[in-house]
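See below for the structure under consideration.
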């Protein structure tokens, strides 16, 4: 395998599932120690919520975000421990996954990362309680069409709705005030969408409704140390590599309220030469999106022991 043409990508909120990472912790000391370290740093058993739930507790944003982060880092550490040569040439993460990517790039320590993502989840959850919002997936429209529809609905209703995620061609996610999202769903079919469906979240992520989360989160960011990444990490906002600490801080300062340009990020990494993408963490959302972006690229999921064993066998 040519690691010089390989990228690692890390999932965000929505990929979580009860039991994620448990099989890695059962087999590998380094994964078990990662979960134990997170429990110690946070002062409660995040591992129990992650592995045994209940699901409603895992799905609370304040818990979801650190649980996904720990799971991804645990699997990443197992991979690097088993295959020391496993150093992808590029890294990226979808929303919350960007913090996992920064840790994989040695730009953010695990100790500070787990506290930062816990704070991020808490402030986002509090913002959602203060300003209830909604998110909806819109299928079979291009991102520019969805942005135009958001602008039209915002003018009509006087309420906020914006493009939150450009995930892949034909799949966008909008975010904003409930009335505006409902109106957009109603109008999406007239605009040519195959489907528009509200997502099971109460937090209007990557929208102006997250502004109330910024003060607390920015304070947490100021208290967090970063290092220059050892590997280029492609950011969500500009779809460009974050090559130094200043670029990382500029990205994270605005990430909560700006759109995730995932399609552009993947195309930029492909343009840089990537041929294989490894999704490290729960689920397989990102490799599914990549199939819509460029089906010619090889896709690998490392989300359970079975997938890891298959991947390791492929290296021999």
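Read-outs: derived from the displayed coordinates by stated rules, not from any lab. Please read all numbers here as calculations on a predicted model, not as lab measurements. In this analysis, Cβ positions are derived from the backbone assuming ideal geometry, glycine residues included, and neighbour counts consider all displayed protein chains.
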Estimated inter-spin distance, residue 152 and residue 275, nm [label 7 Å along Cα→Cβ]: 4.4
Region 19-68-region 248-316 distance, computed between alpha-carbon centres (Å): 22
Residue order, fewest to most surrounding Cβ atoms within 10 angstrom, among 183, 52, 32, 120: 52, 32, 183, 120
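Would you work out if region 190-249 is rounded, prolate or oblate? Take a ≥ b ≥ c from the square roots of the eigenvalues of the alpha-carbon gyration tensor; rounded if a/c is under 1.5, else prolate when a/b is larger than b/c, oblate otherwise.
Verdict is oblate for region 190-249.
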Rg over Rh [alpha-carbon atoms, Kirkwood Rh] for region 46-87: 1.15
Among beta bridges that DSSP assigns inside the chain, antiparallel share in %, nearest 5: 55
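Find the Rg to Rh ratio for region 133-201, where Rh is the Kirkwood radius over alpha-carbon pairs and Rg uses the same atoms.
My calculation puts Rg/Rh at 0.91.
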Cα centroid of region 69-85 to Cα centroid of region 94-147, whole Å: 21
